[in-house]
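See structure below.
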């Protein structure tokens, strides 16, 4: 059979197969059963719907930005409107999409199952964090509807505190509230990972997906409150008008930069680490091999989390900080790049001597590895002190950030969604259409953001509504790419929705993967396991899986 | 790789496990998704500690701002701090420690299942907490009267010419430095306000706990809420133990 | 099609003008570009390596030809290699980048100083000769130029991409950057820090000229009064000369020769009297009381604009003798005591 040689997909006989009658979706009915649920899987689905909603709002703003930048003249909208566009794009994408994307959906759904637990440690707090997320999202939309906000997502003082007359306080409280949603998610994960592992599930038997979420959770719990307090101070400064950040009253505007970036730099690791966890799972499954150097990959996640807290000043190299502190932070920024390099090479060598197939999740994972390599290495440009002078605050930064966050994180998210879609819904997505979407996304992405590196080195500043005409060619390329990218993102929405009803029945383990989540029915039962499993093998143990399958065959036969 | 901690307990359905090993502590508050009571209790208190870590980072931002400006504007922070009442602050410190003491008693009472004692200890905790808030209110009111509340009505004249206001034990400072007293008072209000907000939330939770204790919820071995709330309440105490010396006492030691 | 024609023009312009890299117009630019090419090289090599690994393994071990995977734990040697080699490259980059950074942010001593004041949404430049420019800057080539910059309102950032320099312009403190132009021409000036509504209109042109052309330009655009002369005028009109007379018996210290000296403060510390120090003393005098003097100087916060402060700094920079101060003292304001509240002085 040639079909078996190019795919590992193993679906049950479609004529007889059916979705299990009893599962977490069918267990209860009605809207209230969803809105008041404590089930981590249902909450994950709620999150999936809401972050997708916000992703498309944020994406619409990105489209408007690119449309405006098609021509050098400020001809589509007024300057203030444009400023509101990129502010909203940034705030929605960072705080309402990227931060919760993988952890709150896939992490929420999978971590308890991967650990062999019935639920997260605090189901009610889990639900609360979704409501906090919604409240944050609603406040953001309220700020948008009431007239928008134009601070940029970085809220630079004193611009945000004294010079703008838009809905800064509303937006700041939105982020404050959404921040607590992220704190509670992180807290729930840490407690669950520490206390809810099933018998035999030692730390070094946990899937790497769990390790990377553990690292990200530490950052959420320790970093987010600092963002909360700095935004509180911004709000108080606007309301009371007395200045911890106001230079005319003796305050220090750089203090805000320090506090803000103390969170917002670790925040990029909050965003990327869970994505790295997805890649570990996907690369292992589709090369039928344990992850090369499990310990190194696990510890590199923790190392990123720890170093990630001590590099924030690299956002301020040109802001007149002391040259010597800049030296220290540049060095630390170089060091934090090393664990990422380790991960990339470990994933590459996981392929070695494997038995590789190229289903959609794997294509996205390859996309991640290529784009993240570029994103990571261009980060070295910015960590190098002298180079940063030319590149910072230009489109080079924009391109770098999007390579890591969109090329990296969004690819990882889509990879994970496709990979676990059969587990979450019990049905397969259409394979060839999704491969097309993966390729379209990749091409669109490269076309959108590659030109921005060049235009950045040429000197085009970011957040510019109008620009000198000689930059137009590159901007047109970028806008064209964004169109392709938009198509690439619309496709999954359509076919994934289609697959909910018409997709092939997936069965328990369509990918023949080793994770605990694949050993239970799809979609899983409300409390995941009929009896708590005992972990008696390492993660990614394909020999164990083979024995297990053989045993099943013999018992059945 | 370290695999030595492999537990090879036999696989056992949950119901059997609970009945065989933990029957003696089976309580209605046991949440379904936890394997054992022990696990539930440990998870709860671990979660609380993590939450307190979050709180430390939250207050940490304010402490950081305080340290920066104290360093920059020490000459303004000293007279501003001297306007705070050490007597009221000290009384409040004592009150808060007493409140914490009763909270500790409450935790003990819950553990030994003395219902009446628990209720009384919780009520005393609440009362001392309310006393703290009341005294804090008096202090804030004083500062309002003296126009030390930051904002448009902030007035530096007491710092510039203390004698004219009948204050004899203060040296005058120049107007440009006195402007920075406003930063001190902003941080003072932000920090004590944030602390008081935590107190008020705590008192709200205390009332709820008292009602539940009265109902007998914690009289049968289920003490996790009391213990975890105790952690929170002690944390709020400890924050004050940092705020009091930083805000009230920075110039009370002999400098020279 | 009209649009495509326009696009074609821009394409030609872009390719002939600055295709992939901006022009190199300062002495620092080749150094910056060298590091840039090195890093591009590193990126390309790294990317090709990863792509070769992924592509090669995918081809060699695809399921069709390699149906059974061989399980491998890992390899300490390989992992050590790909930890140490990237670390080495990153450390080289670190040292290289740091050297470049120190070079860009450490002006040579003989540089010519020009002051920049940023405000929403324009750049004001003040030449020592008293020439003012808005959203423009004329500089001679072949001479190091130091920019001393400050913002009147929010954060801005002074970016000269063809010169490969940029620095944040911050309210309340001076920042500096320097460059030496090499090729005459007109180059971009951008504000790169988002600063509100017309952020993208806070752009201008920097014109590098031959020294003789620059000399002509300064003569043509002079305002009749040098920056230091303007400072002297402010010094008199704000009544500074009432106290800072230079008389040993007076209650305020002499300011002649102050600039660049080390000042012994009342609280025991020693401070270097640079531009930032002078500005801060005028605005927050009680934080900088020199040893032997009472803290009686009033603050001038809100009474002098940033431009005025720059003029005063420039004035004090070249004040070597108190002769002229004492002259004005005896002729005009001798009977006046310490200043009352002087009005806002616009230079």
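Structure values in brief
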read-out: Matching residues, the stretch C:179-201, being within 16 Å of the chain's Cα centre (by Cα) and either more than 8 Å from chain A (Cβ to nearest Cβ) or assigned to a helix (DSSP H, G or I) (or both); value: C:179, C:180, C:181, C:189
read-out: Failed criterion for residue B:122 (all others in (1) in a helix (DSSP H, G or I); (2) within 19 Å of residue A:240 (Cα to Cα) hold); value: (2)
read-out: Filter pass, residue C:176 being surrounded by fewer than 21 Cβ atoms within 10 Å (Cβ to Cβ), touching a helix residue (DSSP H, G or I) at 6+ places or on another chain (Cβ under 8 Å) and assigned to a strand (DSSP E or B); value: yes
read-out: Only one of C:81, C:72 that is facing chain A (nearest Cβ under 9 Å), without any contact (Cβ under 8 Å) to a residue 60 or more places away in the chain, in a helix (DSSP H, G or I) and surrounded by fewer than 20 Cβ atoms within 10 Å (Cβ to Cβ); value: C:81
read-out: Unmet criterion (only one of (1) within 14 Å of chain C (Cβ to nearest Cβ); (2) at pLDDT 95 or above) for residue A:421; value: (1)
read-out: Subset of the stretch A:468-525 [within 14 Å of chain C (Cβ to nearest Cβ), surrounded by fewer than 19 Cβ atoms within 10 Å (Cβ to Cβ) and part of a loop (DSSP other than H, G, I, E, B)]; value: A:468, A:512
read-out: Extreme residue, surrounded by the most Cβ atoms within 10 Å (Cβ to Cβ), among residues of the stretch B:141-158 that are within 14 Å of another protein chain (Cβ to nearest Cβ) and part of a helix (DSSP H, G or I); value: B:143
read-out: Residue list for the stretch C:128-155, filter: surrounded by fewer than 20 Cβ atoms within 10 Å (Cβ to Cβ) and on the phi > 0 side of the Ramachandran plot; value: C:135, C:142
read-out: Where residue A:256 falls short, out of the listed (1) free of Cβ contacts under 8 Å to residues at least 60 places away in the same chain; (2) within 26 Å of the chain's Cα centre (by Cα); value: (1)
read-out: Test for residue C:224: is it touching a helix residue (DSSP H, G or I) at 6+ places or on another chain (Cβ under 7 Å), more than 8 Å from chain A (Cβ to nearest Cβ) and over 19 Å from residue C:122 (Cβ atoms); value: no
read-out: Verdict on residue A:403 being under 17 Å from the mean Cα position of the chain (by Cα), within 24 Å of residue A:94 (Cβ to Cβ) and free of Cβ contacts under 8 Å to residues at least 60 places away in the same chain; value: yes
read-out: Residue in the stretch A:39-60 that is surrounded by 19 or more Cβ atoms within 10 Å (Cβ to Cβ) and outside any helix (DSSP H, G or I) present; value: yes
read-out: Test: residue in the stretch A:374-396 that is within 10 Å of another protein chain (Cβ to nearest Cβ), at pLDDT 95 or above, surrounded by 24 or more Cβ atoms within 10 Å (Cβ to Cβ) and within 23 Å of residue C:72 (Cβ to Cβ); value: no
read-out: Test: residue in the stretch C:157-164 that is more than 25 Å from residue C:315 (Cα to Cα), free of Cβ contacts under 8 Å to residues at least 40 places away in the same chain and buried (at least 18 other Cβ atoms within 10 Å of the Cβ); value: yes
read-out: Exclusive hit being under 17 Å from residue A:195 (Cα atoms) and either at pLDDT below 95 or facing chain A (nearest Cβ under 8 Å) (or both), set B:60, B:47; value: B:47
read-out: Residue that is nearest to the chain's Cα centre (by Cα) [pool: residues in the stretch C:58-69 that are facing chain A (nearest Cβ under 7 Å) and either exposed (fewer than 14 other Cβ atoms within 10 Å of the Cβ) or part of a loop (DSSP other than H, G, I, E, B) (or both)]; value: C:61
read-out: Qualifying residue in the stretch C:101-113 (condition: outside any loop (DSSP other than H, G, I, E, B), within 13 Å of another protein chain (Cβ to nearest Cβ), in contact with a helix residue (DSSP H, G or I) (Cβ under 7 Å, 6 or more places away or on another chain) and free of Cβ contacts under 8 Å to residues at least 12 places away in the same chain); value: yes
read-out: Subset of the stretch A:73-96 (residues that are surrounded by fewer than 17 Cβ atoms within 10 Å (Cβ to Cβ) and more than 30 Å from the chain's Cα centre (by Cα)); value: A:73, A:75, A:76, A:77, A:78
read-out: Per-region count, the stretch A:145-154, residues surrounded by 24 or more Cβ atoms within 10 Å (Cβ to Cβ) and closer than 22 Å to residue A:265 by Cα; value: 2
read-out: Qualifying residue in the stretch B:81-93 (condition: more than 23 Å from the chain's Cα centre (by Cα) and assigned to a helix (DSSP H, G or I)); value: yes
read-out: Residue match in the stretch A:342-361 (condition: within 16 Å of residue A:269 (Cα to Cα), part of a helix (DSSP H, G or I) and in contact (Cβ under 8 Å) with a residue 60 or more places away in the chain); value: yes
read-out: Options A:9, A:96, A:36, A:64; residue that is modelled with pLDDT under 95, out of contact with any strand residue (DSSP E or B) (no Cβ under 8 Å at 6 or more places or on another chain) and farther than 18 Å from residue A:424 by Cα; value: A:36
read-out: Single unsatisfied condition, residue C:212 versus (1) away from every other protein chain (no Cβ under 14 Å); (2) more than 28 Å from residue C:301 (Cβ to Cβ); (3) within 18 Å of the chain's Cα centre (by Cα); (4) not in a strand (DSSP E or B); value: (3)
read-out: Scan of the stretch C:114-132 for residues that are touching a residue at least 60 places away in the same chain (Cβ under 8 Å) and more than 14 Å from chain A (Cβ to nearest Cβ), ordered by number; value: C:115, C:117, C:122, C:124, C:126, C:127, C:128, C:129, C:130, C:131, C:132
read-out: Number of the condition not met by residue A:353 [criteria: (1) modelled with pLDDT under 95; (2) surrounded by 24 or more Cβ atoms within 10 Å (Cβ to Cβ); (3) over 30 Å from residue C:102 (Cβ atoms); (4) facing chain C (nearest Cβ under 7 Å)]; value: (2)
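The values are calculated or read from the model by the stated rules, or taken from the named source; none is laboratory data. Computed from a prediction, not measured in an experiment: that's the story for all the values here. Cβ sites come from the backbone with ideal geometry, for glycine too, and all protein chains shown count toward neighbours.
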